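What follows is a single structure, and I will ask about it in a moment.
The values are calculated or read from the model by the stated rules, or taken from the named source; none is laboratory data. Worth saying up front: this structure is predicted, and the values here are computed from it rather than measured. Here the Cβ is made from the backbone with ideal geometry for all residues, glycine too, and neighbour counts use every protein chain on show.
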Ligand SMILES: [Zn+2]
Ligand SMILES: [Zn+2]
């Protein structure tokens, strides 16, 4: 397991405006709190933390569609990749892609109409519409 304590100390020194706090999972909470899971058994919890730092650094927390949410996830990983060298951390493309895949799978599933199994489109209120039967449904909670 990576040495999270050391990484947390380094991040705190680099970004004194950030609060790093133990939580149930790795999560960035705007405007400036990074939660980390001190019990995490994840082998790359260091990357999870840098990904959340990536969310903070790209400064995009609001999204108007589920597609945009997945795009923000992707950008946060790209940011994590660029800051890895600052912390002597090896980036892992497969690890990041696996995490992104869970968002992509979720996006696919949430967009399907329950009646027709066709992909619906999301309107500006984030409500999905089926192009065939006209059913509407709400987006569901994002994956962890
Ligand atoms: Zn994320
Ligand atoms: Zn339908």
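Is it the case that the range 102-116 has a residue that's surrounded by fewer than 16 Cβ atoms within 10 Å (Cβ to Cβ) and within 28 Å of residue 13 (Cα to Cα)?
No.
With the checklist (1) in contact (Cβ under 8 Å) with a residue 60 or more places away in the chain; (2) within 25 Å of residue 6 (Cβ to Cβ) in hand, flag the one item residue 124 doesn't pass.
With respect to (1) in contact (Cβ under 8 Å) with a residue 60 or more places away in the chain; (2) within 25 Å of residue 6 (Cβ to Cβ), residue 124 is out only on (2).
Would you say residue 64 is surrounded by fewer than 15 Cβ atoms within 10 Å (Cβ to Cβ) and touching a residue at least 40 places away in the same chain (Cβ under 8 Å)?
yes
Quick one: count up the residues across the range 39-60 that are out of contact with any helix residue (DSSP H, G or I) (no Cβ under 7 Å at 6 or more places or on another chain) and under 19 Å from residue 25 (Cβ atoms).
Counting residues in the range 39-60 that are out of contact with any helix residue (DSSP H, G or I) (no Cβ under 7 Å at 6 or more places or on another chain) and under 19 Å from residue 25 (Cβ atoms) gives 7.
If I filter the range 23-41 down to residues being in contact (Cβ under 8 Å) with a residue 24 or more places away in the chain, loosely packed, with under 15 Cβ neighbours inside 10 Å and under 20 Å from residue 83 (Cβ atoms), which single residue comes out as nearest to the chain's Cα centre (by Cα)?
Filtering first and then ranking leaves 30.
Sticking with this structure for a sec: Give the residue that is modelled with the lowest pLDDT, with candidates limited to residues of the range 121-136 that are surrounded by fewer than 16 Cβ atoms within 10 Å (Cβ to Cβ) and touching a strand residue (DSSP E or B) at 6+ places or on another chain (Cβ under 9 Å).
Among those residues, the one meeting the criterion is 126.
Right, here's the next one. If the requirement is being buried (at least 19 other Cβ atoms within 10 Å of the Cβ) and free of Cβ contacts under 8 Å to residues at least 40 places away in the same chain, which of these qualifies: 93, 52, 17, 71?
Going through 93, 52, 17, 71 in turn, just one is buried (at least 19 other Cβ atoms within 10 Å of the Cβ) and free of Cβ contacts under 8 Å to residues at least 40 places away in the same chain: 52.
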